[in-house]
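To start, the structure itself, in structure tokens.
None of the figures in this text is laboratory data; all of them are computed from the coordinates on show. Since this is a predicted model, take the numbers as computed values, not measurements. Cβ atoms come from the backbone with ideal geometry, glycine included; neighbour counts cover every protein chain shown.
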Amino acid sequence: MAAHRSGPLKQQNKAHKGGRHRGRGSAQRDGKGRLALKTLSKKVRKELSRVDQRHRAGQLRKQKKEAVLAEKRQLGSKDGPPHQVLVVPLHNRISLPEAFQLLQDRDTGTVHLNDWGSTHSFMLLCPFLKHRWFFTSASPGDLHTVLDLAKVTDTILFLLDPLEGWDSTGDYCLSCLFAQGLPTYTLAIQGISGLPPKKQIDARKKLSKVVEKRFPDDKLLPLDTQQEAGMLLRHLANQKQRHLAFRDRRAYLFAHAADFEPNEENNLVGTLKISGYVRGQTLNVNNLLHIIGHGDFQMKQIDAPMDPFPLNPRVIKSQKDPGTAMEICAMDAVAHMEEDLKVLMKADPERQESLQTEVIPDPMDGEQTWPTEEELNEANDFLKESSKVVKKVPKGTSSYQAEWILDEDGESGGEGDEYDDIEHGEFMEEESQDESSEEEEEECETMTVGESVRDDLYDEKVDEEAEEKMLEKYKQERLEEMFPDEVDTPRDVAARIRFQKYRGLKSFRTSPWDPKENLPQDYARIFQFQNFTNTRKCIFKKIEEKEYEGAEVGWYVTLHVSEVPFSVVEYFKQGAPLIAISLLPHEQKMSVLNMVVSRHPGNTEPVKAKEELIFHCGFRRFRASPLFSQHTAADKHKFQRFLTADTALVVTVYAPITFPPASVLLFKHNSNGMHSLIATGHLLSVDPDRMVIKRVVLSGHPFKIFTKMAVVRYMFFSREDVLWFKPVELRTKWGRRGHIKEPLGTHGHMKCSFDGKLKSQDTVLMNLYKRVFPKWTYDPHVPEPVPWVKSEISSMRPEVDME
């Protein structure tokens, strides 16, 4: 029997393609048990059941709660540092001595008053609450003291007026504190019990509305009686602490005592002994120490004396009468117990951080070697080949005779070198004139004059020169807003010489620009990280893993700081706080810092780039002349001539390295000695390769328009300038793009072609760019400001509405 055979019309199905799209089973069969490299190298994550996930989440919550409780219990306990409280009265009607008298209750605990300086401060030991406090105060008008103490204090106690809350001075102080970073705070009202009972409720309601603007959902605690002071102390002891990132990763110390030992060679320089409690992190003797307002120093050794303010004083029994016991404070027994003094650490010269802040540049670094004879011969041959000119000469003329034949213009080819030398001389002369004119603009200083109260004395206090400078600055800022980056082409100087450092770019965003090109001499003095982010991560990881050895947090230590000027001790004896902060590795070295800032709404005066400003960056304060640039994600950032009020800008300065996060405050030193807050922000990066590009826009006007062709004038004033800038692309304010075809005549007219028809009212523009660098004007010494008063503040900034 014959088998059935399918005909030509039978359906033919496609075969299954295994190929790339194999199933999991076939892949496992082909692999024969082999695992991928990623599976072997990665840690196998164990899948937890739902019950185990809940159990793990509960353990994490429990650990976090225990960490918070341990932090609360350590602060102010016998093993931790005293709870430091900064008392700031926010109104001139508040009586600070009355508040301190209520807090210094002998029934609550033992009080130790500090007699040094004029600053009111005292230590309160309360064994009943198992807590000890250190209270200090600062006036809101003394801005530097308030900001410095807020960097190291644990809690700020704000004293409010029952009627107005705070005045303009207090409001200005709060603005600065919020910008710097506010630690744990508490609000207390003084004097509300003195009001009639019917008005107390209304006063509380009005005050709550005022306080809500800055402190939402915060309680107002009264402070008029001893009982209320006790409740306030309990609230301070049980309050959850807020963390400031820039101080949590560094060891810092508030000086309770200071002693000075002059050197034998020079009495004005010596060893400073600072005593206080270690806070933040472990203090290593090999790290550098920064004393706020005075500079960076090295430590010789760290001693561990007895704690002068123990929570539970030691009891010494008398030998004559064993039944009688006497409590003594360690402060009184230090002189008789010198044997208890221990030397914790001494500096190791091999591991100690250096005080070098700048790189010493080698003037011969980067110099080329003298060329060899072969290179000189090759260069001469190349010059001979390039100097050959093709001329029309009669037949039979030799090369020697052809050299004497003139061109059609009546000149021989040998005069071009002389013209080049003259042009090079003019180039160098105009460059020096350009630099001197820029220096004259940068040395301009602005002056602001406070408003006088009496009309008859008003004109006497007005500085006419300062008024003229301020008016000119306002005009420049207004012109910059209306015509950004536009400049007039000079007529007395050739444009190719005036803008010789500028270049054209096809696209500001995508065109390449080498960040190592044409660097200034100051870049040879700074330090640069190969990878700043990785270095920062490694340092912070060591801090978290407790790899540094030294004095632990809560210990009372004495630091021996070497080569300190005597003025530091005088500053301390006058009542100013002495605050020392341990620097992280590399934080003493100079580099280029970039900070993101926003204009403070209370200041409206124009601030020009390269003006000298006062910086509060993290724990440092210094003076510098910054550059302003746009805050974008591109590789090039446009230079801004003024600090604008509507957008955030990046400020670039030469300054010591600081690892972010860190807050930034910008102040301006006025002619009356006060410091006015200009901008606030944070530290962005330490990056010398961040390019700040200055743009210059040259403008011209269409003279004759022929569809897509136009004759443009007033952009240049010579034929040579038109030929020099011919490769640069043109644009118009109405969005047309084009380029220069050829010059017309000798007065700077040029024929241009565009991608569309021009309007008669349009303006032709040319963008030129150059990279700019900040000026090296870093100065760590900042003059002390004149204390703020209400009349001066109200004359310079708007009054806060308290209704």
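In the distance distribution for the stretch 207-305, Cα-Cα pairs more than 19 Å apart total 64 percent. With a Förster radius of 22 Å applied to the C-beta separation of D492 and E720, the computed FRET efficiency comes to 0.90. Highest mean packing first, where packing is the average number of other Cβ atoms within 10 Å per residue, the peptides 190-203, 262-275, 564-577 line up as 564-577, 262-275, 190-203. Charged neighbours of G745, selected by a Cβ distance under 12 Å, balance to +2 (K, R count +1; D, E count -1). Straightening the chain between N377 and A245 buys 41.1 nm, computed as 0.36 nm per residue apart minus the Cα-Cα spacing.
Taken along its three principal axes, the alpha carbon spread of the stretch 653-703 comes to 54, 36, 17 Å, from the longest extent down to the shortest. Of the peptides 345-358, 54-67, the order by per-residue mean of other Cβ atoms within 10 Å, starting with the highest, comes out as 345-358, 54-67. Centroid-to-centroid, using Cα positions, the stretch 598-628 and the stretch 218-279 are 29 Å apart. How many angstrom lie between the C-alpha centres of the stretch 522-537 and the stretch 117-194? Cα centres, the stretch 522-537 to the stretch 117-194: 38 Å.
Sorting 607-614, 99-106, 371-378 by average packing, meaning the other beta carbons within 10 Å per residue, from highest down gives 607-614, 99-106, 371-378. Net charge of the neighbourhood of R93, taken over other residues with C-beta under 11 Å away and scored Lys/Arg +1, Asp/Glu -1, is -3. Normalised by the number of residues in the stretch 83-238, the mean separation of alpha-carbon contacts (under 8 Å, six or more apart) gives a relative contact order of 27 percent.
Summing Lys and Arg as +1 and Asp and Glu as -1 over all other residues whose Cβ lies under 11 Å from the Cβ of F178 gives a net charge of 0. Take every DSSP beta bridge whose two residues both sit in the stretch 83-238; close to 35 percent of them are antiparallel. Taking a cut-off of 18 Å, what percent of all Cα-Cα pairs in the stretch 83-238 are separated by more than that? Pairs farther apart than 18 Å: 57 percent.
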